[in-house]
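*Asks:* Shown below is the structure under consideration.
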Amino acid sequence: MTTDTRTLEWLVMTHPQMVSDIIDTIDTEDAEMDELRTALEIGDDLAACRSLLDFYRQRPMPFFSGRRPISAPFPHAEEADDILDDQLTLYEVRGHIPRRSDGGWQWDYNGPEGDREWGWGLNRHYHLATLYNAWLRSGRRAYLRRLDEQLRDWILNCPYPGQKSNSPMWRGLEVFSRLRIWAELFHRLIGHPDFSPSTLALMLYSIPQHADYLEHFHAAGGNWITMEMNGLAIAATAWPQYLLAPQWIEYAEEQMLPQIDLQVYPDGTQKELTSSYHHVALMNFESFAEVVRASGSNVSEAYQQALVRMWDYLARSMRPGGFGPLNNDSDYSDYRTRVVAAAKRYERPDWLWYATRGRQGAPPQGPSPSAIFPWAGQLIMRSGPQGNDHWAFFDAGPLGIGHWHYDKLHLSVRCGGRDVLVDSGRYTYVQGQWRDYFIGTAGHNTILLDGCPQQAEAREVDEPLSEADYQLAGGFDFIRSTFDAGYQGLHGTAAHTRAVVYLRGSGWIVLDRIRTDRQRTIEVLWHFHPDCTVALDGQQVSSVDARKGNLRITPLRMAGETARPALVAGSAASTSVMAGHIGPQWAVSLIRGQVEPEIQGWYSRCYGLKTPSTCAGFRATVDGDVTFGWLLTPGRNTPPRPVQADLTLREADTLAMVTVEWPEHPARTIRIPLIAGKAEIVE
């Protein structure tokens, strides 16, 4: 008996039941399978397997094109040699894969930090795409041989459980990912001598098991089902010769087509309200439409229009550099290439304008280049599409149906070609103090009351923001929203209203109104990007890096108040009566990379990576209801100090009149209603 595990002879002799199962799943009545049927009639399983592989070698690739790289989240070329040495880097964490006693990889390994995400990432087989791409570039056969060995080892040593699983090997997302990668590998490499016949046959054995899992143990909704049904459709169209392939595609369509209505708001935002997972869902909805077309059917016009709205959100929410908002459980991801392709496919010059920094396409119609997504409760403020233009993101909406953070009323700001005020990101899904920080209010640019973070509010809404609470005008943008769902561990009641006015090309006014039944300690947080050098300047805080875009944060002065020095952290801070109103006297602190007594001052651009960053905290004690505000001034090098930044409250503190003046801009007074009504520049 041959001991060469690469051969069909070895597979037939050592795993006869697997070979029998392969034949049982294939529709052998196909007109081009005469040789296979003949082999079966005489009971020659070896000849039947050979004939089946020959059948696939002679058929065109189902819906793939050419010998191009296979897309994968971790495409780094240098990692291919690491894989040959049993090293793998997933989610910024490098690990050495242990080997079993028989020499194969330990597929249930969760990485050096014991993170299940690492183990799931291992079993998504992204590293096989890395090996394939490295072979394409170099022609080095060792990469293909390791790829072949890995596939064979996985299939033989990770048996199908036949039930819903949360293991590293068998979970819906990993099943989908493997099918997507396997489909391309199978059809691209079936004729290559370093891709062995036994591995090809084992893939044909395992694929129906993958499809069975997706059909019977998939999620009920969210971005998961978009991936799982996409995987089931891929199985049906990449290998239509399976007896159950028509059933798979029919079931996938039945489950997937309604999902775009269930998961996507009318403004085009996926309801998890997470930029990265919006992209995941969009890619799977789009891919599913392509797979359905490949099967000879088509999606509905309503489905297609929903795809357009999803692309519209992705294009209009991007930073000028092409990266999406870092909101909820997102990574800092560049979408330019895909948006450019979508703009050409859907003939949308406005998307091209956003994605190419205005070099191609045409600006959107209307008075403002900004964008409001009223169902998501997100306002994207911008001065233009170019790299140095202003961009800001404000969250006025619900939590989201998944991957949420407790960050309502958060504001991110980009100016001068770089991010300055940032969302802290996601870092980890491992429960504990680090997860609590990155999803918590303390990791965002909003407010803590008595040290207490926001608690959960509505995850989904059945109506959009009121048009009375936002406006996009030629010279400014305005939005107003309230968080009143309560704070974790807070005694009594309190609510926070924040209004933001972006004076296009000049800066931002932020007003905060606290309504409370008792004395409170307020802490207003402003998180700077790790690359920013941050300094105190009296009561003002600025990033101060030479020859770069910077931002100055100036507390608005109550009308009639004289300038006061900043209090250092830890000193007394209280309200003071000024011009008939009570305003906070802020104690200002800068915190960077703190772990004790609580975590503060950290940033994560992607899962698994965290970096110290500066958080500017403004703390004060107030006796009751209070309204205060901030002027955010962008600038190259040192942002200018405002000549005037005054706040006057009227109409029982429900109306704010804010007067701002910079050295190179005339004074302007902006009328900002805090309860109802639109903002207005009055002079």
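*Asks:* Which one is nearest to residue 429 (Cα to Cα) among residues in the stretch 79-108 that are assigned to a loop (DSSP other than H, G, I, E, B) and in contact with a Gly (Cβ under 6 Å, 6 or more places away or on another chain)?
*Replies:* 91
*Asks:* Taking the stated definitions as given, is residue 667 surrounded by 22 or more Cβ atoms within 10 Å (Cβ to Cβ), part of a strand (DSSP E or B) and of a type in the set (A, V, I, L, M)?
*Replies:* Spelling it out, it is not the case that residue 667 is surrounded by 22 or more Cβ atoms within 10 Å (Cβ to Cβ), part of a strand (DSSP E or B) and of a type in the set (A, V, I, L, M).
*Asks:* Does any residue of the stretch 254-267 turn out to be assigned to a loop (DSSP other than H, G, I, E, B), under 23 Å from residue 25 (Cβ atoms), modelled with pLDDT of 95 or more and open to solvent by 10 Å² or more (accessible area, probe 1.4 Å)?
*Replies:* So far as the stretch 254-267 goes, no, none of its residues is assigned to a loop (DSSP other than H, G, I, E, B), under 23 Å from residue 25 (Cβ atoms), modelled with pLDDT of 95 or more and open to solvent by 10 Å² or more (accessible area, probe 1.4 Å).
*Asks:* So, one more: Out of 602, 662, which single residue is open to solvent by less than 20 Å² (accessible area, probe 1.4 Å) and not acidic (Asp, Glu)?
*Replies:* Going through 602, 662 in turn, the sole match is 662.
*Asks:* Please state which one of 385, 349, 369, 325 is in contact (Cβ under 8 Å) with a residue 60 or more places away in the chain and over 19 Å from the mean Cα position of the chain (by Cα).
*Replies:* Working: 349 fails: in contact (Cβ under 8 Å) with a residue 60 or more places away in the chain; 369 fails: in contact (Cβ under 8 Å) with a residue 60 or more places away in the chain; 325 fails: over 19 Å from the mean Cα position of the chain (by Cα).
Every option except 385 fails the conditions.
*Asks:* Based on this model, can you work out whether residue 213 counts as more than 28 Å from the chain's Cα centre (by Cα), more than 24 Å from residue 308 (Cβ to Cβ) and part of a helix (DSSP H, G or I)? Step through it out loud before you land on a result.
*Replies:* Values: more than 28 Å from the chain's Cα centre (by Cα): no; more than 24 Å from residue 308 (Cβ to Cβ): yes; part of a helix (DSSP H, G or I): yes.
Against the criterion (more than 28 Å from the chain's Cα centre (by Cα), more than 24 Å from residue 308 (Cβ to Cβ) and part of a helix (DSSP H, G or I)), residue 213 does not qualify.
*Asks:* Determine whether the stretch 484-492 contains at least one residue that is in contact with a Cys (Cβ under 6 Å, 6 or more places away or on another chain), within 28 Å of residue 115 (Cβ to Cβ) and open to solvent by 10 Å² or more (accessible area, probe 1.4 Å).
*Replies:* Checking the stretch 484-492: at least one residue is in contact with a Cys (Cβ under 6 Å, 6 or more places away or on another chain), within 28 Å of residue 115 (Cβ to Cβ) and open to solvent by 10 Å² or more (accessible area, probe 1.4 Å).
*Asks:* Got a sec? Which of 616, 676, 656 is outside any loop (DSSP other than H, G, I, E, B) and over 30 Å from residue 427 (Cα atoms)?
*Replies:* 656
*Asks:* Considering only the stretch 614-656, how many residues are more than 24 Å from residue 504 (Cα to Cα), open to solvent by less than 20 Å² (accessible area, probe 1.4 Å) and small (Gly, Ala, Ser)?
*Replies:* Of the residues in that region, 4 qualify.
*Asks:* Can you tell me which residues in the stretch 346-367 are surrounded by 16 or more Cβ atoms within 10 Å (Cβ to Cβ) and either under 15 Å from residue 320 (Cα atoms) or of a type in the set (Val, Ile, Thr) (or both)?
*Replies:* 350, 351, 352, 353, 354, 355, 356, 357, 358, 361, 364
*Asks:* A further question on this structure: Only one of (1) open to solvent by 10 Å² or more (accessible area, probe 1.4 Å); (2) in contact (Cβ under 8 Å) with a residue 40 or more places away in the chain; (3) on the phi < 0 side of the Ramachandran plot is not met by residue 222, so which one is it?
*Replies:* Only one criterion in (1) open to solvent by 10 Å² or more (accessible area, probe 1.4 Å); (2) in contact (Cβ under 8 Å) with a residue 40 or more places away in the chain; (3) on the phi < 0 side of the Ramachandran plot is unmet by residue 222, namely (3).
*Asks:* Also, quick follow-up: Do we find a residue being more than 23 Å from residue 250 (Cα to Cα), acidic (Asp, Glu) and either open to solvent by 10 Å² or more (accessible area, probe 1.4 Å) or more than 30 Å from the chain's Cα centre (by Cα) (or both) anywhere in the stretch 187-194?
*Replies:* There is at least one residue in the stretch 187-194 that is more than 23 Å from residue 250 (Cα to Cα), acidic (Asp, Glu) and either open to solvent by 10 Å² or more (accessible area, probe 1.4 Å) or more than 30 Å from the chain's Cα centre (by Cα) (or both).
The values are calculated or read from the model by the stated rules, or taken from the named source; none is laboratory data. In this text the structure is predicted, and so the values were computed from the model without any measurement. Because the Cβ atoms are built from the backbone with ideal geometry, glycine has one as well, and the counts that use them run over all protein chains shown. Only protein heavy atoms, including side chains, enter the accessible area calculation; ligands, DNA and RNA are left aside. Shrake-Rupley method; radii C 1.70, N 1.55, O 1.52, S 1.80 Å.
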